[in-house]
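Comments concern the structure below.
The values are calculated or read from the model by the stated rules, or taken from the named source; none is laboratory data. Note that the structure is a prediction, hence the values are computed from the model and not measured. Because the Cβ atoms are built from the backbone with ideal geometry, glycine has one as well, and the counts that use them run over all protein chains shown. SASA here: full protein model, heavy atoms, side chains in, ligands and nucleic acids out. Shrake-Rupley method; radii C 1.70, N 1.55, O 1.52, S 1.80 Å.
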Amino acid sequence: MTRGPVLLGEMVRLRPIEARDADRMWESLQDPESNRLTGTTATFTRDQIDEWSATISDRDGRYDWAITAGAVRDGQLVSDEMIGEIVLNDLDEDARSANLRLALLPNYRGRGYGREAIFEVLRFAFEGATDVEGVRHEGPHLHRVSLDVLSINPRARMLYESLGFREEGRLRDVYRDGDGWADATVMSILEDEFRAGLGAP
């Protein structure tokens, strides 16, 4: 797998995660609410995060992008600082399927960045994309993209539904939530469903 192309939306610019993103990756893992809503329970050392950031974009079976606000003014990139990450992983070339994962830093949630990032990644996954330099990238030509969303995160579920994801089933009590448990709803979108709603995000 080669690293993914740079993708550009109206509000976001998606670029492969790089070593320089380690500080932001580390910061995101220090957010208890984000960890709770995504079911993240693993702990990592700073060295592990440094190594991950430096190498993840070149690993097989996945695409990892840093979400940046990426505003361009007068032909110049104003900011390229990571505000979140979006990932296509568990790629299965035979089944033409993959899993999607999104995480935004706290100050950037609820502002439309996640919605546009998901849309651009789905477009790349299903149809390919033309990068910021006008180069065409065919993408993985997927048929299905899935995700799971915790029952304690209804806001994320509404976002996914608004982009065309449909519920497939529920995994009961699959994540710990403090002293209790949380279900995970499995959702997916198929290539023809994405194309039918292409006017989004």
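State the antiparallel share, in %, of DSSP beta bridges confined to the chain, rounding to the nearest 5. The antiparallel fraction comes to roughly 95 percent.
Residues in segment 25-64, backbone N under 18 Å from the label point at His137 (7 Å along the Cα-to-beta-carbon vector): list them, ranges by number please. Taking a point 7 Å out along Cα→Cβ of His137, the residues of segment 25-64 whose backbone N falls under 18 Å are 53-64. Residues of segment 167-197 with amide nitrogen under 19 Å from the 7 Å Cα-to-Cβ point of Glu161? Those under the cut-off are 167-172, 183-190, 193-194, 197. Each Lys and Arg adds +1 at its Cβ and each Asp and Glu adds -1 at its Cβ; summed about the Cα centre, the chain shows a dipole of about 480 debye. Using bins of 5 Å that start at zero, the share of Cα-Cα pairs per bin across segment 116-201 amounts to 3, 14, 21, 20, 14, 12, 8, 5, 2, 1, 0, in whole %.
Counting only protein heavy atoms and a probe of 1.4 Å, the accessible surface of the chain is 47% carbon and sulfur. Taking every protein chain into account, the accessible area of the chain amounts to 52 square angstrom per residue (probe 1.4 Å). The modelled label-to-label distance for the pair Arg3/Thr41, using points 7 Å beyond Cα in the direction of Cβ, is 3.4 nm.
Treating r as the C-beta distance of Thr130 and Asp192 and R0 as 25 Å, the FRET efficiency rounds to 0.70.
Okay, which of segment 26-55 sit inside 14 Å, backbone N to the point 7 Å along the Cα-Cβ direction of Asp179? In segment 26-55, the label zone of Asp179 (backbone N under 14 Å from the point 7 Å along Cα→Cβ) covers no residue. For the chain, the alpha-carbon radius of gyration amounts to 1.00 times the rule-of-thumb value 2.2 N^0.38 Å expected for a compact globular protein.
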